[in-house]
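Undergrad: I am attaching a structure below and will ask some questions about it afterwards.
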């Protein structure tokens with residue numbers, strides 16, 4: 001006995017193609033909205049993470065290359081532990097705060113981390129990275145002591161980035177639009193199923 | 001003839017290995033990634049790339065799981081356990097990152113099929129009065145699988161001679177259990193009846209690939225599929241990124257993250273059990289709405305608060321509601337479809353719609369929340385904003401989802417399923 005109202009393969013393929021086109025479209029949209037963002041906080045964090053991995057077995061060489069692209073690893077000497085477990089990063093944790101401008105194309109990014117010793121988490125290290133913009137990329141040029149008011153989020157400082165209110169309102173609107181789309185898809189599936197059912201007028 | 005209590009208990013114990021090892025296996029990859037990375041000298045980008053074929057194993061599992069409507073639930077479950085065990089053991093023997101990826105892919109194929117069949121067997125074998133609770137109990141073990149990995153990590157299993165490989169060797173346990181107990185497991189009565197019907201010429205021997213999309217079931221498949229999709233994208237985005245978010249945006253140490261996961265998951269697992277009980281008392285729809293709303297609210301609190309005490313309770317409740325909703329979702333994915341296509345419908349919902357969340361949820365959060373180049377620029381806000389995607393799911397449940405509380409599977413006719421349900425008031 002064949003299943004009543006069975007879907008044709010061609011219809012299924014069409015739906016799959018439509019879904020893939022929608023996914024590709026969303027991918028392009030996301031790529032477009034992401035374009036042009038180059039935050040110094042992200043560069044500072046990547047540099048610190050890569051520096052932390054320079055002493056980690058297996059990934060050390062690649063980490064060093066990655067760090068050097070953002071800034072000289074030698075700058076990090078004062079915050080690296082003297083001994084550590086090579087199976088782990090040289091930092092047990094890592095957090096960066098919001099950047100503050102400090103001259104033309106120069107910003108200061110506060111950070112907070114714990115050294116990773118062979119025996120576990122080591123002493124707390126706090127400081128500020130100084131970054132310089134060349135073109136659209138940021139480079140670490142110095143390690144400095146913190147100035148008053150330079151704090152990371154867990155110390156009560158402002159978040160490195162914050163989604164604007166318009167984005168939250170937009171997301172709620174998008175949620176409503178998605179609910180409407182889901183409503184119409186469900187109704188369409190219902191109606192198409194009723195049309196395909198035996199004994200229907202069509 | 002109804003199954004005896006003793007048999008149902010035994011069946012539940014046998015099926016628990018499927019859900020337990022799904023939670024266990026997924027968590028190994030999440031929590032031991034740095035160790036695996038160090039063994040194979042792989043970059044983070046390469047590790048990210050290998051996650052795609054690994055997770056696509058769950059998609060391929062669809063093609064295996066749908067065979068349960070043809071060959072039966074029992075043989076497919078038993079062979080899936082064998083397949084999972086073999087690939088778990090082979091993963092432990094991986095010699096490079098590509099061997100590791102291939103063996104994990106194979107492991108996901110069988111694990112995905114095993115999980116789908118386990119849910120179908122519970123739905124088909126347990127009487128209506130105990131079905132929801134059985135689903136709740138079964139799925140609680142998915143969370144316990146995660147806790148087991150955290151406990152073994154705490155005990156330092158990864159520091160032994162076998163390092164992370166020892167975790168995968170534990171995957172052999174289900175085969176040992178099944179070797180002893182397999183003869184006591186029977187084919188589900190509903191499948192046996194369906195098989196007899198087919199032998200009498202009243203049904204097709206081979207279920208067509210698109211049978212679940214046929215007009216009598218299409219509306220429910222689209223409906224349940226969209227609810228799964230809308231939940232899975234933000235949910236898997238949140239679970240994949242919470243540890244990273246806690247460390248990089250809230251200053252947690254690795255140890256604090258491990259303790260939070262262990263304790264909050266441990267207590268949060270009660271959510272599965274409570275869900276099973278609520279499904280029986282309140283019904284599927286109200287329970288699902290309560291859990292979806294709870295999941296959204298506590299996830300947003302978790303990804304916004306800077307207070308660690310609030311974060312702990314928010315994590316516990318987000319796990320309780322977010323993961324704990326699984327029993328009611330599994331009920332939607334199986335109870336609304338007749339026996340001859342139930343396995344296939346469940347596989348469509350889980351391995352097509354839900355897999356989208358596995359693949360796209362973490363990717364969306366990573367791309368939009370990238371601290372350097374993301375449009376939003378932080379993980380906390382990105383996850384919170386994505387949670388709004390669950391609103392359409394809540395609306396669909398409220399407006400369209402049929403209520404199956406107190407109904408035996410035989411009472412759910414396809415015609416009923418086509419009717420638009422009255423919204424909850």
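Undergrad: So which of A:63, A:44 is touching a strand residue (DSSP E or B) at 6+ places or on another chain (Cβ under 9 Å) and within 11 Å of another protein chain (Cβ to nearest Cβ)? Give the steps one after another, and end with the answer.
TA: Working: A:63 fails: touching a strand residue (DSSP E or B) at 6+ places or on another chain (Cβ under 9 Å).
Sole residue among the options that is touching a strand residue (DSSP E or B) at 6+ places or on another chain (Cβ under 9 Å) and within 11 Å of another protein chain (Cβ to nearest Cβ): A:44.
Undergrad: When residues of the range A:66-83 are filtered for being without any contact (Cβ under 8 Å) to a residue 24 or more places away in the chain and either more than 14 Å from chain B (Cβ to nearest Cβ) or not in a helix (DSSP H, G or I) (or both), how many remain?
TA: Here is the first cut: in the range A:66-83, the ones without any contact (Cβ under 8 Å) to a residue 24 or more places away in the chain are A:66-69, A:73-74, A:77, A:82.
From the residues that got through so far, the ones that are either more than 14 Å from chain B (Cβ to nearest Cβ) or not in a helix (DSSP H, G or I) (or both) too are A:68, A:73-74, A:77, A:82.
Adding up the residues that qualify gives 5.
Undergrad: Considering only residues that are closer than 30 Å to residue B:193 by Cβ and not in a helix (DSSP H, G or I), look in the range B:35-85 and name the one that is modelled with the highest pLDDT.
TA: For the range B:35-85, the residue satisfying everything is B:72.
Undergrad: Quick check: anything in the range A:180-199 more than 21 Å from residue B:296 (Cβ to Cβ), within 26 Å of the chain's Cα centre (by Cα), part of a loop (DSSP other than H, G, I, E, B) and facing another protein chain (nearest Cβ under 8 Å)?
TA: No.
Undergrad: Condition test on residue B:179, is it more than 14 Å from chain A (Cβ to nearest Cβ) and buried (at least 17 other Cβ atoms within 10 Å of the Cβ)?
TA: Details: more than 14 Å from chain A (Cβ to nearest Cβ): yes; buried (at least 17 other Cβ atoms within 10 Å of the Cβ): no.
So residue B:179 fails the test.
Undergrad: Sticking with this structure for a sec: Given the options A:145, A:171, name the one that is over 24 Å from residue A:76 (Cβ atoms) and without any contact (Cβ under 8 Å) to a residue 60 or more places away in the chain.
TA: A:171
Undergrad: While we're on this one: Would you list the strands (runs of 3 or more DSSP E) that sit entirely within the range A:84-149 and hold 1 or more residues that are under 13 Å from residue A:40 (Cα atoms) and facing chain B (nearest Cβ under 10 Å)?
TA: The strands (runs of 3 or more DSSP E) meeting that bar are A:91-96, A:137-144.
Undergrad: Of the conditions (1) within 23 Å of the chain's Cα centre (by Cα); (2) part of a loop (DSSP other than H, G, I, E, B); (3) closer than 30 Å to residue B:96 by Cβ, residue A:55 fails just one. Which one is it?
TA: Here residue A:55 clears every test but (1).
Undergrad: Kindly indicate whether residue B:218 is without any contact (Cβ under 8 Å) to a residue 12 or more places away in the chain and more than 14 Å from chain A (Cβ to nearest Cβ).
TA: Numbers: without any contact (Cβ under 8 Å) to a residue 12 or more places away in the chain: yes; more than 14 Å from chain A (Cβ to nearest Cβ): no.
Here the answer is no, as residue B:218 does not meet what is asked.
Undergrad: Within the range B:241-262, count every residue that is out of contact with any strand residue (DSSP E or B) (no Cβ under 9 Å at 6 or more places or on another chain) and surrounded by fewer than 19 Cβ atoms within 10 Å (Cβ to Cβ).
TA: So the count comes out to 5.
Residue-by-condition table, conditions (1) outside any helix (DSSP H, G or I); (2) without any contact (Cβ under 8 Å) to a residue 12 or more places away in the chain; (3) within 25 Å of residue B:262 (Cβ to Cβ):
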| site | (1), (2), (3) |
| --- | --- |
| B:121 | no, no, no |
| B:124 | no, no, no |
| B:131 | no, no, no |
| B:141 | no, no, yes |
| B:145 | no, no, yes |
| B:150 | no, no, yes |
| B:154 | no, no, yes |
| B:158 | no, no, yes |
| B:162 | yes, no, yes |
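Undergrad: Being in a helix (DSSP H, G or I), more than 10 Å from chain A (Cβ to nearest Cβ), buried (at least 17 other Cβ atoms within 10 Å of the Cβ) and at pLDDT below 85 is the filter here; which residues of the range B:384-425 pass it?
TA: B:409
Undergrad: Any residue at all in the range A:150-171 that's away from chain B (no Cβ under 14 Å) and at pLDDT 90 or above? Talk me through it step by step, then tell me what you get.
TA: We begin by selecting, within the range A:150-171, every residue away from chain B (no Cβ under 14 Å); these are A:150.
Retained after the next criterion (residues that are at pLDDT 90 or above): A:150.
Yes: one or more hits.
Undergrad: Being exposed (fewer than 13 other Cβ atoms within 10 Å of the Cβ) and within 13 Å of chain B (Cβ to nearest Cβ): is that true of residue A:24 here?
TA: yes
Undergrad: Looking at the range B:348-383, which of its residues are more than 8 Å from chain A (Cβ to nearest Cβ) and more than 24 Å from residue B:47 (Cβ to Cβ)?
TA: Correct list: B:348, B:349, B:350, B:352, B:353.
Condition check ((1) surrounded by 19 or more Cβ atoms within 10 Å (Cβ to Cβ); (2) under 28 Å from residue B:36 (Cβ atoms); (3) at pLDDT below 90) across all residues:
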residue: A:84; (1), (2), (3): yes, yes, yes
residue: A:88; (1), (2), (3): yes, yes, yes
residue: A:93; (1), (2), (3): yes, yes, yes
residue: A:96; (1), (2), (3): yes, yes, no
residue: A:100; (1), (2), (3): no, no, no
residue: A:104; (1), (2), (3): no, no, yes
residue: A:108; (1), (2), (3): yes, no, no
residue: A:117; (1), (2), (3): no, yes, yes
residue: A:120; (1), (2), (3): no, yes, yes
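Undergrad: Of the numbered conditions (1) touching a residue at least 24 places away in the same chain (Cβ under 8 Å); (2) surrounded by fewer than 16 Cβ atoms within 10 Å (Cβ to Cβ); (3) more than 18 Å from residue B:246 (Cβ to Cβ), residue B:281 satisfies every one except a single condition; which is it?
TA: (1)
Undergrad: Something else about it: Restricted to the range B:183-203, and to residues that are farther than 17 Å from residue B:76 by Cβ and assigned to a loop (DSSP other than H, G, I, E, B), which residue is farthest from the other protein chains (Cβ to nearest Cβ)?
TA: B:200
The values are calculated or read from the model by the stated rules, or taken from the named source; none is laboratory data. Treat the numbers as computed from the prediction; the structure is a model and nothing was measured. All Cβ positions, glycine included, derive from the backbone under ideal geometry; neighbour counts span all protein chains shown.
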